[in-house]
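Any read-out appearing in this document is the output of simple, stated calculations on the displayed coordinates, not a laboratory observation. What you see is a predicted model, and the numbers here were worked out from it, not measured in a lab. So basically every Cβ, Gly included, is an ideal-geometry build from the backbone, and we count neighbours across all protein chains shown.
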Amino acid sequence: MKQLLPLAIASALACASMESMAAVDLILHNARVYTAEPGQPLQQAVAVEDGKVLAVGTDAQVLGLKAPGTQVIDLGGKVLMPGFIDSHSHTVKGGLQLRQANLDGQMLPLAEMEARLRQWRKDGKARHGDILSVGGLPSTYWSQLEAFEQRFNQGEWADQPILFLGWDLHTGWANQAMLKRAGIDASRVKALKGEDVATIGHHPDGRPNGFLVDAGLYPVQALLPPPTHEELMAGGRAALAYYKSLGITGWMDPIANEVPGADVTNTSVGVLPIYKALADNGELTAHVAALLMADSKATPADLDALDKVRQQFLGVANLTLPGIKIFADGVAEVPAQSAAMLEPYKNSKKSGELLIDPAHFGELVSAADARGWLVHIHAIGDRAVRESLNGIERARKDRQSGIAHSITHLQMVNPKDFARFKALNVIASMQLYWASADESSMDLVKPYVSAQAFKYSYPTHSLLKNGATLAGASDWPITTPDPWKAIYQAVSRTGPKGVLNAAEDIDRQAMFQAYTLNAARTLRLENQIGSLKPGKQADMIVLDRDVFKVKPEALRDTQVLNTYFAGREIYSRKP
C-alpha cells in the first residue's frame, strides 16, 4: 500500500486542480501497467492530458479523473508499457534496405542467391546506377570466397560490377569488374602496409580475391551512387511505419551525418535533413537522438566542425543532437578479425585493429564531455572495450559532468572491466539478439579467440551483477530491430548450435528496463520519456500477451497491438 501512496497523492492533486485544467484526454484502464519506474509494482490505469501522463494508479484512482469528453479505453487486462527505445539504430538506412535488395542475414545456397540477384536486377532493387549491390549477407558466406569468385566473375557477370555487403556493414565482396573500377589489383595489395594488409583479401600471388574489410571496403562502397533526397524520404517513412508496428517510439541514430553509401566528413549533414523534413511535415512521431560520427583519431579541435553541423538542426521537433559516435575497432568474425583483442587471434597471431589512439583518446572524450556532449563508442573486442573505458576515465578525472557516456556492442569484455561501467557511469548499449549459439559465434569466433574472451561473450549477467546499466539496442539494419526477439535471446541465449554461455542469461524484467528507462537515459531523455510517470510524455504500447507470465519461447513472438505517441494512437494492429 505504501508504494501506491505517491500515485494516490498525484491523483488527488490532479483532481483538486481539475477546474483549472482542460479535461483529461485519455484514460486506459483495466490493464497490467508496467511503468518502468524502479521498484514500482504493476499498476492498473493511466490518465493522459495534453500528450503527457497525468496519473498512474488503480482503476478507481484514475477513473476518478474522467470528465466530459475523456476517451476511456478498457484494455481487458492487457499489458501496457512505455514505448520501447532503441539505443543504437541506423534507422533511415534500415528503411532504405526495406526497399532494396537484401538477404536479411539469410544463408542461401549460392545458386539460389544468384537467382535472387537476377530477379533483383530485373525489378531494379539491386541496381545502383550500373552497379548491382545486395546487402545483409551473413558472415558465414565469407568461408566460400573461392565459390564466389568462380560464380560471379564469369558468364553474364563477367563485365557486370557486383558488390555484396555483409550484414555487419564492415565486410563485403566485390567481383573483378567492381574491383577493376575501384582500382584494386595486385599492385594495390602489394602497397598495403601493417594492419591494412588484412583489409583486402588476396591470393598468395597478391591478386585480390574480392573480400574487403573496413578501410578496404569503404572506397568500393563509395562507388555506389548515393540515394536521392526522395529515396531517403521514402526510406525514412518506411522505417517510421515499421518502428510504429514494433512499438518503438524513440531511438539513437549513431551516425546521423552519414548518407548511406557516401563518405562522412566533419561537414556532412547526412540524414539530418531527412529527420528535419519529416518533423516539419508532422511525420516524425518518434524521439530521435542523432549523433555525429567523429573520426577515431579526431582531436578536440575537430569538434568545432561537428558543432557547426549540430547548430543547423537544433530546435527541430522530436530531434535532439546529444553527442558523437566513435569507432574503436571493427568486427571479430573470421576472416575479418578486425575487432581489437587483448590476446591475439589463434590463427593469425594478430590482435585486430584498434582504431583509437590510446595515448590521446581520453583528450577527445574529455573535450566532448566539456561541451556537454555524450560519447557513444563502438567496441566489440575486449581490448577496444578497455581502451574505451580508459578514455572515459580520463574525462571523469577532468570533471564529474554527470553525462552518461555509452559503449555499444560489447561482444567480448574482460572481467577486470565489469565493475568499471558503474564506477565510470558508462551505459552498456547491447544488441542481445546476437547472444546466440549460431554459426557466427560458434564457427567464426569461438575457434579463434581465447577461451576466456569467448566465455564472456555478451556478458550481460556479469555486467548487471557489477552494477552496470544495460540499454537495449538493435543496430538495425544489421539485424532485426524487433525488441522481443532480442529479449528472448537475452533470456534464453539459445541458437541452432546450443546455448551461448548460459551463465550470462538475464531475466525478462531487466530487458524491459533496458528497452525503456535505461535506453531513454542513453539518449539523455530520461526526464522526458522512458517510463510512465506523471509529467512525462505519454508514449505507450499495448501488447497481445502477458509478457510477465508467458514462457520464454513466447516472448519472441510478442505483437504490439497499439502504439501511442504523446497520447495519440499512431499504430493499431489489424486483426
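Let's test the formula: R0 of 45 Å, r as the Cβ-Cβ distance of Lys66 and Thr267. What FRET efficiency results, to the nearest 0.05? Plugging the Cβ-Cβ distance into 1/(1 + (r/R0)^6) gives 0.25. Between the beta carbons of Gln119 and Lys297, assuming R0 = 25 Å, the FRET efficiency works out to 0.05 to the nearest 0.05. Against the main long axis of the alpha-carbon atoms of the chain, helix 382-398 sits at an angle near 50°. Measure nothing but the geometry: give the 0 to 90° angle between the long axis through the Cα atoms of 361-370 and the longest principal axis through the Cα atoms of the chain, rounded to 10°. Once rounded, the angle reads 30 degrees. Think of the chain as having a plus end and a minus end, set by charges on the Cβ of Lys, Arg, Asp and Glu; of Ala423, Ala241, Asn318, Ala423 sits farthest toward the positive end of this dipole. Computed 3J(HN,Hα) for region 559-575, one whole-Hz value per residue from the Karplus formula 6.51 cos²θ - 1.76 cosθ + 1.60 where θ = phi - 60°, is 10, 8, 8, 9, 10, 10, 10, 6, x, 10, 5, 10, 8, 9, 6, 6, x, glycine and proline marked x. Taking the centroid of alpha carbons for each part, region 375-445 and region 472-523 are 16 Å apart. With Cα atoms defining each centre, region 179-258 and region 87-121 are spaced 14 Å apart in the structure.
Can you check what the net charge comes to around Leu464, using other residues whose Cβ is under 12 Å from the Cβ of Leu464 (Lys, Arg +1; Asp, Glu -1)?
Working: positive: Lys422, Lys465; negative: Glu504, Asp505, Asp507.
Result for the neighbourhood of Leu464: -1.
Placing a label point 7 Å from the Cα of Asp307 along the Cα-to-Cβ direction, the residues of region 358-395 with a backbone N closer than 16 Å are 364-375. Placing unit charges on the Cβ atoms only, positive for Lys and Arg and negative for Asp and Glu, gives the chain a dipole magnitude near 720 debye about its Cα centre. Remark: spin-label model distance Lys465-Leu42 equals 2.9 nm, labels positioned 7 Å along the Cα→Cβ axis.
Summarising the amide proton neighbourhood of Thr469: residues at separation of 5 or more, or on other chains, whose placed amide H is nearer than 5 Å comprise Ala428. When the Cα positions of Gln144, Val92, Met178 are compared along the charge dipole of region 91-221, Val92 comes out farthest toward the positive end, with charges on each C-beta of Lys, Arg, Asp and Glu.
If you place +1 on the Cβ of every Lys and Arg, -1 on the Cβ of every Asp and Glu, and leave all else neutral, what size is the dipole of region 229-522 about its Cα centre, to the nearest 20 Debye?
Values: 28 positive and 31 negative charges, 185 e Å.
About 880 debye.
Relative to the longest principal axis of the Cα atoms of the chain, helix 110-123 runs at roughly 70 degrees.
Put simply, the amide H of Val449, placed in the peptide plane, has neighbours under 5 Å in Lys346, leaving out anything fewer than 5 places away on its chain. Close amide H partners of Gly250, meaning residues 5 or more places away or on another chain with modelled amide H under 5 Å apart, are Asp86, His287. What is the diffusion coefficient of region 91-221 in µm²/s, taking the Kirkwood radius over Cα pairs and the Stokes-Einstein relation at 4 °C with a viscosity of 1.567 mPa s? Result for D is 87 µm²/s.
For region 229-522, place one equal point scatterer on every Cα, skip the solvent, and apply the Debye formula. What is log10 of I(q)/I(0) at q = 0.08, 0.09, 0.10, 0.12 Å⁻¹? Values, matching the q order: -0.33, -0.42, -0.52, -0.77.
When shorter helices are ignored and each DSSP H run of at least 4 residues is given -39500 (n - 2.57), the per-residue value for the chain at 222 nm works out to -8000 deg cm²/dmol. Modelled label positions at His360 and Ala554, each set 7 Å beyond Cα in the direction of Cβ, lie 5.7 nm from each other. When the label point is put 7 Å from the Cα of Asp104 along its Cα-to-beta-carbon vector, which residues of region 482-515 have a backbone N closer than 12 Å? Flagged as within label range: 482. Normalised by the number of residues in the chain, the average gap of Cα pairs under 8 Å and 6 or more apart makes the relative contact order 16 percent.
I need the shape label for region 329-373. Rule: rounded when a/c is under 1.5, else prolate if a/b > b/c, else oblate, with a, b, c from the alpha carbon gyration tensor. It is prolate, given that a/c is not under 1.5 and a/b is the larger ratio.
When only the Cβ of Lys, Arg, Asp and Glu is charged (+1, +1, -1, -1), the dipole of region 91-221 relative to its Cα centre reaches about 380 debye. Going through [x] 0.98; [y] 1.15; [z] 1.18, the figure that equals Rg/Rh (Cα atoms, Kirkwood Rh) as computed for the structure here is [x]. Taking θ as phi - 60° and the Karplus parameters 6.51, -1.76 and 1.60, the scalar couplings of region 494-505 work out to 8, x, x, 10, x, 10, 8, 6, 4, 5, 9, 6 Hz in sequence order, x denoting glycine and proline. A simple rule links phi to the HN-Hα coupling: the Karplus curve 6.51 cos²θ - 1.76 cosθ + 1.60 with θ = phi - 60°, which for region 196-203 gives 5, 4, 7, 7, 10, x, 7, 7 Hz, with x for Gly and Pro.
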